[in-house]
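The values are calculated or read from the model by the stated rules, or taken from the named source; none is laboratory data. Fair warning: this is a prediction, and the values are worked out from it, not measured in the lab. Note that we place each Cβ from the backbone using ideal geometry, even for glycine, and neighbour counts take in every protein chain shown. All accessible areas refer to the heavy atoms of the entire protein, side chains included, with ligands and DNA or RNA removed. Shrake-Rupley method; radii C 1.70, N 1.55, O 1.52, S 1.80 Å.
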Amino acid sequence: MALSNNVIGIINFIAVLLSIPIIGAGIWLTTLQAESCVKILQWPVIILGILIFIVAMVGLVGAFWRIPMLLIFYLIAMIVLIVLLASLVIFVYFVTLRGHGNIEPNRSYLEYRVDDFSIWLRRRVRSSHKWDGVKSCLSSSSICAELNQSYRLPQDFFNAHLSPLQSGCCKPPTKCGYTFVNPTYWISPTNNGEDMDCMKWSNDQTQLCYNCDSCKAGLLATLRKDWRKANVILIVTLVGLIVVYLFGIFAFRNAKTEELFRKYKQGYT
């Protein structure tokens, strides 16, 4: 019995360690510009990681102090958390399945369209009320100001590999035909066409293309990229938790079998 409990304790300690990458992935998301402005995925990941940590600690205490009720709680709660983590992994995978940049002639950077992304992600930026807060957050950052310090000549800028946010928010869309003065100041063509993004561009450094659909698409492209990176961590951790949980059940069953056998022997002595 003692040996089995020690094994369960070690397994729960591994589960405690596995919660750390989940919490770390959530904290990492909070440091990113796009996620800090939108705040969608970071808190579910952090909260889930903390719950896994707490449940694993409960199982650790139950194993080393031989408290069966805590071990039973651990087994029930952990399977619920594993299902929730698996659901989150599947959800992130499907909402980030669509979305890609579009190549423009004589440009090294990509441009983005809102309609290229999943319906769920598009809904996050469709509401003007929600976007006002995101726009304010983005405009207060230095993502566009940094471009003016890095690029002076048009060709250097056109050959630059801009981030999706910089491509979508800091300059007018290439199709609009604006003339480069510097990365955040462009001369309007005689005819802007019928595209709303072409008319929304402003040389006001607090406005730029933050009202454009291209900026919304750049934000979604950034979220997609960041979420897919975080999801790799969640998938690896999920597999580890499933393996640890299966070993835990096996060890718990062995412990119960040993206890029943010991009681059986005591009954005949």
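Descriptive notes on the structure:
- Calculated FRET efficiency for the pair Leu153/Arg228, C-beta based, R₀ 51 Å, to 0.05: 0.90
- Spin-label pair Ala86-Ser118: with each label point 7 Å from Cα along the Cα-Cβ axis, the two points sit 1.8 nm from one another.
- Solvent exposure of the stretch 54-145, expressed per residue, is 55 Å² of accessible area, with all protein chains present and a 1.4 angstrom probe.
- Accessible surface of Glu146 - all protein chains present, 1.4 Å probe, nearest 10 Å²: 90
- Of the solvent-accessible surface of the stretch 49-190, computed with a 1.4 Å probe over protein heavy atoms with every protein chain present, carbon and sulfur atoms account for 63 percent.
- Based on C-alpha pairs under 8 angstrom that are at least 6 apart in sequence, the stretch 1-103 has a relative contact order of 27 percent.
- For the stretch 86-153, fraction of C-alpha pairs farther apart than 21 Å, in %: 50
- Heavy atoms of Phe13 accessible to a 1.4 Å probe, total area in Å² rounded to 10: 100
- Calculated Rg and Dmax of the stretch 138-211 using C-alpha coordinates, Å: 11.5, 32
- R0 of 45 Å, Cβ-Cβ distance Ile103-Ile50: FRET efficiency to nearest 0.05: 0.60
- Taking the empirical scaling 2.2 N^0.38 Å for compact globular proteins as reference, the stretch 49-184 has a Cα radius of gyration ratio of 1.67.
- When Tyr74, Tyr185 are compared by accessible surface with a 1.4 Å probe, the order from highest to lowest is Tyr185, Tyr74.
- In the chain, helical runs assigned H by DSSP with n ≥ 4 each contribute -39500 (n - 2.57); averaged across all residues and rounded to the nearest 500, the mean residue ellipticity at 222 nm is -22500 deg cm²/dmol.
- Residues Trp120, Trp65, sorted by accessible area with the largest first, give Trp65, Trp120 [1.4 Å probe; ligands and nucleic acids excluded].
- Calculated from backbone phi, Karplus (6.51, -1.76, 1.60) coupling profile of the stretch 154-167 in Hz, x at Gly/Pro: x, 5, 4, 5, 5, 8, 6, 9, 6, 6, x, 5, 5, 5
- Karplus-based coupling profile of the stretch 208-223, in residue order and whole Hz: 6, 10, 5, 8, 7, 5, 5, 5, 4, 5, x, 5, 5, 5, 5, 4, with θ = phi - 60° in 6.51 cos²θ - 1.76 cosθ + 1.60 and x standing for Gly or Pro.
- Close amide H contacts of Tyr185 (hydrogens built in the peptide plane, cut-off under 5 Å, sequence separation of 5 or more or a different chain): none are found.
- Per residue, the convex hull spanned by the alpha carbons of the stretch 42-119 comes to 101 Å³.
- Extension gain, Val239 to Thr31: 0.36 nm times the residue separation minus the Cα-Cα distance gives 72.3 nm.
- Ranking by accessible area, most exposed first, for Val134, Val232 with a 1.4 Å probe: Val232, Val134
- Spin-label model distance (nm) - Ser127 vs Tyr185, 7 Å beyond Cα toward Cβ: 3.8
- Computed from the alpha carbon positions, the gyration tensor of the chain leads to an equivalent ellipsoid with semi-axes of 55, 15, 14 Å, biggest first.
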